[in-house]
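Since the structure comes first, as structure tokens, the remarks are kept for the end.
The values are calculated or read from the model by the stated rules, or taken from the named source; none is laboratory data. Here the structure is a predicted model, which is why all the values come from computation and not from measurement. Glycine also receives a Cβ, built like all others from the backbone with ideal geometry; neighbour counts cover every protein chain displayed. Just so you know, the surface numbers come from the protein's heavy atoms only, side chains and all, with ligands and any DNA or RNA stripped out. Shrake-Rupley method; radii C 1.70, N 1.55, O 1.52, S 1.80 Å.
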Amino acid sequence: VQLVESGGGLVQPGGSLRLSCEASERSFSFNAMGWYRQGAGKQRELVADIANGGRTNYGESVTGRFTISRDNAKNMVYLQMNSLKPEDTAVYYCWMRTQVLSYWGQGTQVTVSS
């Protein structure tokens, strides 16, 4: 299974971006989907995840600004990012998990700068 992210780029502080991630196999059933990020010189951290039933979980630094959603029919997960800050600059990784394995995307760069 391959995960392909899209939607990253350069945005000014206070702006918005929407990330998308699609799994190559629609026949798979993913228990959870989510997004992690890794800034330069930092450890990878959870941004948000969403369970199959829709329960969501957010990292403390993005709560209230980011919204995660998923489309089970398409095996896609989205991350709407609003009120972006320079400290949100990072490579964002898509993640999906079945009952047995976890899968990761290649990452998409998000840069917040004026």
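A few remarks follow.
- Across all C-alpha atoms in the chain, the radius of gyration and Dmax reach 13.3, 43 Å.
- Taking all protein chains into account, the per residue accessible area for the chain stands at 53 Å² (1.4 Å probe).
- Estimated FRET transfer efficiency (SER83, ASN31; beta-carbon r; R0 30 Å; 0.05): 0.50
- Cα→Cβ-extended label distance, 7 Å offset, between LEU10 and ARG44, nm: 2.7 nm
- Rounded to the nearest 20 debye, the dipole size of the chain about its Cα centre is 80 debye, using +1 on the Cβ of Lys and Arg and -1 on the Cβ of Asp and Glu.
- Judged by the mean number of other Cβ atoms found within 10 Å, the most tightly packed of the peptides 17-25, 69-77 leads the ranking 17-25, 69-77.
- Counting protein heavy atoms only, the range 56-114 has 45 percent of its accessible area on carbon and sulfur, 1.4 angstrom probe.
- Cα-based shape type of the range 35-86, given that a ≥ b ≥ c are square roots of the gyration tensor eigenvalues and the cut on a/c is 1.5: prolate
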